[in-house]
Amino acid sequence: MFLPILGDLPFPRGKTASQGLLTPTGTYLGNLEGKAFFSEDTEHGTGTPIVVLCVRNTTGGDITVARTFAELDNTTVLSVSGAVDVHPNVTAGAVCLPLDDAYIVGATIADDDLFYVGLYGYFSVLTGASVTNLAAGISISSDNAGKIANVSGGSAAGEFVVGRLPYQATYVATTATAIFVCPGSLAMPPAAG
């Protein structure tokens with residue numbers, strides 16, 4: 001089952017809900033947490049629809065925007081689709097999504113503020129220091145630095161599959177790379193093996 005997807009964005013892509021005009025609390029605009037919204041791909045020139053997920057920063061501090069995966073919060077029953085508690089992701093194969101690439105690298109997302117992560121469509125994420133195993137069409141997961149995992153044949157057993165690498169002849173280390181995000185659900189990955 002996929003999350004229900006709503007229409008107009010409650011705040012623009014590349015912005016946060018409070019936009020630094022107030023200090024958000026853990027309940028600020030709670031009705032938006034975990035809601036998915038349609039938008040248009042303005043960052044990759046495809047013009048195709050994308051879906052972003054509105055999540056809360058529950059890391060306990062500010063997030064500095066980077067082209068990395070953010071780990072979804074699995075500390076409470078309902079938080080996995082509505083909050084990010086680790087950025088960048090530090091657990092290889094964890095349940096994660098990329099920050100919306102409409103955010104400017106180096107910008108800040110305040111603690112408890114609402115922001116977007118990519119749920120469906122093209123988004124950019126950094127490759128790791130090695131790209132020896134990256135090939136077009138493979139499934140992708142996060143490594144322990146919040147970057148695209150360099151795993152032969154795609155995601156390893158037991159890892160959460162974020163999406164796929166689209167066709168590209170070669171991949172370059174430590175470079176923002178367009179990926180196609182399409183997680184089947186926000187479920188924890190199955191046990192390895």
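The values are calculated or read from the model by the stated rules, or taken from the named source; none is laboratory data. Small disclaimer: the values here were computed from a predicted structure and weren't measured. A quick note on method: Cβ atoms are made from the backbone with ideal geometry, for glycine too, and the neighbour counts reach across all protein chains shown.
Here's the yes/no breakdown for (1) assigned to a loop (DSSP other than H, G, I, E, B); (2) at pLDDT 90 or above; (3) out of contact with any Cys (no Cβ under 9 Å at 6 or more places or on another chain):
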residue	(1), (2), (3)
Ile104	yes, yes, yes
Leu119	no, yes, no
Leu126	no, yes, yes
Gly137	yes, no, yes
Ala156	yes, no, yes
Pro166	yes, no, yes
Thr170	yes, no, yes
Thr177	no, yes, yes
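I'm trying to understand the selection: among the residues of the stretch 179-193, which are buried (at least 16 other Cβ atoms within 10 Å of the Cβ) and either more than 19 Å from Thr68 (Cα to Cα) or at pLDDT below 90 (or both)?
Pro183, Leu186, Pro189, listed by residue number.
When the stretch 33-73 is examined, which residues are found to be surrounded by fewer than 21 Cβ atoms within 10 Å (Cβ to Cβ), part of a strand (DSSP E or B) and not polar (S, T, N, Q)?
Correct list: Ala36, Phe37, Phe38, Glu40, Pro49, Val51.
Considering only residues that are in contact with an Asp or Glu (Cβ under 7 Å, 6 or more places away or on another chain) and of a type outside the set (S, T, N, Q), look in the stretch 128-150 and name the one that is farthest from Thr175 (Cα to Cα).
Once the filter is applied, the top-ranked residue is Ala149.
Filter the stretch 74-98 down to residues that are in contact with a strand residue (DSSP E or B) (Cβ under 6 Å, 6 or more places away or on another chain) and part of a strand (DSSP E or B), then give me how many there are.
Of the residues in that region, 6 qualify.
Conditions (1) of a type outside the set (Ser, Thr, Tyr); (2) touching a residue at least 24 places away in the same chain (Cβ under 8 Å), marked per residue:
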residue	(1), (2)
Leu22	yes, no
Arg56	yes, yes
Thr91	no, yes
Ala102	yes, yes
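Of a type outside the set (Val, Ile, Thr) and touching a His at 6+ places or on another chain (Cβ under 7 Å): which single residue out of Tyr116, Tyr122, Tyr103 fits that description?
Answer to the selection: Tyr122.
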